[in-house]
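For reference, the structure discussed in these notes is given below.
The values are calculated or read from the model by the stated rules, or taken from the named source; none is laboratory data. What you see is a predicted model, and the numbers here were worked out from it, not measured in a lab. Cβ placement follows ideal geometry from the backbone for every residue including glycine, while neighbour counts extend to all protein chains displayed. The protein model used for the area step is the full one, side chains on, heavy atoms only, and it has no ligands, DNA or RNA in it. Shrake-Rupley method; radii C 1.70, N 1.55, O 1.52, S 1.80 Å.
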Amino acid sequence: VAEVSDRRAQAPVLILGAGRQGRNINDVCAALGRTVHGFLDDTRAIGEIVNGVEVIGGFARAQDEDLIAALAMIVGVGDSAARASIFETLCRRGACLTTIIHPTCVISPSAEIGRGVFVNAYTRIMANARVADNVLIEGLCTIGADTRIEQSASLGPGCHLTAGVALGARCFLGAGALVVGRGRVGCDSVIGAGATVLDPIADRAFGVGTPARVKRLLP
Ligand SMILES: CC(C)(COP(=O)(O)OP(=O)(O)OC[C@H]1O[C@@H](n2cnc3c(N)ncnc32)[C@H](O)[C@@H]1OP(=O)(O)O)[C@@H](O)C(=O)NCCC(=O)NCCS
């Protein structure tokens, strides 16, 4: 993990987003014994307490140099495109993006996990899988050996990827989706909950069902 040499890697965590994913990240920080400094959220009042953690400002505050110097940050926004955009801004500003993995996860020592990644409870990541920066993986997923998950992709709970599968940047897999064998998911695509992807799905496609079929292309 690239952040290992950064003195901020174990610093208190600033979570961008106090919605569902931000609150899930807060729970996992507690399970890890990581201190959460605060939430940033544009839709809540400064000073609001969310699950015991204060909202200290809107997203723009992440550009505050004092916060960048002192804290580890993670983007807790479910929407992949929005999460990607916030992550890129933080990287340009020199923020330390921390990876938060629930202690019940089983991660192969040969797997590569990027910065700013969130993995929730009971997920297994197998040998030589590569998970790029800013990926969000919900609980109870299986990420097979040699899989590749590109930057800012999001996986809902209970997704399973068999060995060697590839997911494109910013794609979204709904809960319980399976990607099997020669199945692939293109960049910015959305796969519905419970779908079974057996064949490659193009970029910017909306695919559902078993076997997954593209219903339409996304704008
Ligand atoms: C894929 C998804 C995002 C689509 O939502 P949407 O854009 O609002 O789509 P709609 O509900 O308008 O459905 C569009 C069409 O796709 C179908 N469809 C949507 N989701 C489907 C699914 N999971 N499986 C099968 N068909 C589905 C609808 O029946 C509808 O079909 P029609 O055009 O023939 O009537 C949503 O259905 C879904 O699966 N979300 C997953 C949520 C999730 O797992 N979150 C994880 C975080 S906890």
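Looking at the chain, the accessible area is 43 square angstrom per residue; that uses a 1.4 Å probe and ignores ligands, DNA and RNA. Take the Cα radius of gyration of the range 129-174 and divide it by 2.2 N^0.38 Å, N being the number of residues; the result is 0.97. Close amide H contacts of Gly139 (hydrogens built in the peptide plane, cut-off under 5 Å, sequence separation of 5 or more or a different chain): Asn120, Ala121, Gly158.
Taking every alpha-carbon pair under 8 Å whose residues sit at least 6 apart, the range 1-73 reaches a relative contact order of 36 percent. Between amide H atoms placed 1.01 Å from N, distances below 5 Å from Val197 occur with Leu178, Val179, Val180, Ala212, all of them 5 or more places distant or on a separate chain. With springs only between Cα atoms under 10 Å, which of Ile137, Ile56, Ile15 fluctuates most in a Gaussian network model of the chain? Most flexible of the set in this elastic network: Ile56. Each Lys and Arg Cβ is given +1 and each Asp and Glu Cβ -1; about its Cα centre, the chain then shows a dipole of about 560 debye.
Summary of packing: across the peptides 76-88, 60-72, 153-165, the per-residue average of other C-beta atoms within 10 Å ranks them, highest first, as 153-165, 76-88, 60-72. Computed from the C-beta positions of Thr104 and Asp146, the FRET efficiency with R₀ = 25 Å rounds to 0.60. The mean of 1/r over all pairs of different alpha-carbon atoms in the range 65-157, once inverted, gives a Kirkwood hydrodynamic radius of 13.3 Å.
Centre-to-centre separation between the Cα atoms of the range 136-209 and those of the range 39-107: 24 Å. On a 0 to 90° scale, report how tilted helix 20-32 is relative to the longest principal axis of the chain, with both axes built from alpha carbons and the result rounded to the nearest 10. Result, in degrees: 70. Projecting the Cα atoms of Thr104, Phe59, Thr142 onto the charge dipole of the range 48-156, computed from C-beta unit charges around the Cα centre, puts Thr142 farthest toward the positive end. Rounded to whole numbers, the Karplus 3J(HN,Hα) couplings from phi for the range 176-189 are x, 6, 10, 10, 10, x, 8, x, 9, 10, x, 4, 6, 7 Hz, using 6.51 cos²θ - 1.76 cosθ + 1.60 with θ = phi - 60°, and x at Gly and Pro. Springs join every pair of Cα atoms under 10 Å in this Gaussian network model of the chain, and among Cys105, Cys96, Cys171 the largest mean-square fluctuation is at Cys105. Rounded to 0.05, the FRET efficiency of the Ala193 and Arg93 pair, given R0 = 25 Å and the Cβ-Cβ distance, is 0.10.
Summing charges over neighbours of Val208, with a neighbour being any other residue whose Cβ is under 11 Å away from its Cβ, gives +3 when K and R count +1 and D and E count -1.
In the chain, the DSSP-assigned H stretches of four residues or longer account for a calculated mean residue ellipticity at 222 nm of -4500 deg cm²/dmol, using -39500 (n - 2.57) per stretch and the full residue count as denominator. Converting phi to 3J(HN,Hα) with the Karplus coefficients 6.51, -1.76 and 1.60 and the offset θ = phi - 60°, the range 212-217 yields 5, 10, 6, 7, 6, 8 Hz in sequence order, with x at every glycine or proline. In the elastic network of the chain, a GNM with C-alpha springs shorter than 10 Å, the most mobile of Gly192, Gly168, Gly47 is Gly47. Leaving out ligands, DNA and RNA, what percent of the accessible area of the chain is carbon and sulfur, probe 1.4 Å? The value for the chain is 53 percent carbon and sulfur by accessible area. Across the range 96-219, the convex hull enclosing all Cα atoms gives 73 Å³ per residue.
Amide hydrogen proximity for Phe172: with H placed 1.01 Å from N in the peptide plane, the residues at 5 or more positions away or on another chain lying under 5 Å are Ser154, Ser189, Val190, Ile191.
Scaled against the 2.2 N^0.38 Å expected of a compact globular protein of N residues, the Cα radius of gyration of the chain reads 0.99. Local charge for Ile56 was computed over the other residues whose Cβ lies under 12 Å away, with Lys and Arg +1 and Asp and Glu -1, and equals -3.
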